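Asker: Supplied in C-alpha cells, the structure appears directly below.
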C-alpha cells in the first residue's frame with residue numbers, strides 16, 4: 001500500500017486488493033477447510049438460536065401453572081392449628097407465672113387454705129366427665 005491515500009474510496013480499493021491477493025495466496029485445500037468450518041459454524045449458530053427460542057416458548061405456560069398453584073395455596077382452606085395437650089405433670093405458663101410471683105406463693109402457703117387448693121386440683125376440667 002502506498003502511504004499517501006487521497007480519498008476514502010481509494011483506500012477501500014487498495015484494502016480490497018490486498019485482501020484478495022492474500023486470499024489467492026492460500027492453498028485451495030486450506031480454503032476449502034476454512035469454508036467448511038465457516039458453514040459448520042453458521043449451521044451451529046442457527047441451531048442454537050432455534051433451541052434458545054424454544055426454551056422461551058414454554059414460559060407463558062409455566063407462568064400460568066405457577067400462578068394457579070399460588071392461588072390454590074392461598075385460597076385452599078387450612079385446618080386451624082390446635083394446641084397440643086400437655087402431658088400429665090407438666091407445668092403450664094400460668095403455673096410458672098404463679099410460682100414466679102412472690103405474693104401469689106404466700107396465698108398457696110401451708111398457713112392458708114391449702115386443703116382448698118388440693119381439692120381444686122383434684123376436680124375434673126370443665127367438659128370432662130368424672131370416672
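Asker: What translational diffusion coefficient, to the nearest whole µm²/s, does segment 8-75 have by Stokes-Einstein, given a Kirkwood radius computed over alpha-carbon pairs, a temperature of 37 °C and 0.692 mPa s viscosity?
Answerer: For these conditions, the coefficient is 192 µm²/s.
Asker: Only counting other Cβ atoms within 10 Å, I'd like 39, 78 sorted with the fewest neighbours first.
Answerer: By the 10 Å Cβ count, ascending: 78, 39.
Asker: Fewest to most neighbouring Cβ within 10 Å: what's the order for 33, 25?
Answerer: 25, 33
Asker: May I pose another question? Just rank 119, 76, fewest to most, by other beta-carbon atoms within 10 angstrom.
Answerer: 76, 119
Asker: On a full-extension model of 0.36 nm per residue, what is the gain between residue 128 and residue 72, subtracting their alpha-carbon distance, rounded to one decimal in nm?
Answerer: That pair, residue 128 and residue 72, stretches by 16.2 nm at full extension.
Rule-based calculations on the coordinates, nothing more; no lab input. Remember, it's a predicted structure, so these values are computed and weren't measured experimentally. Reconstructed Cβ throughout: ideal geometry from the backbone, glycine too, with neighbour counts over all protein chains shown.
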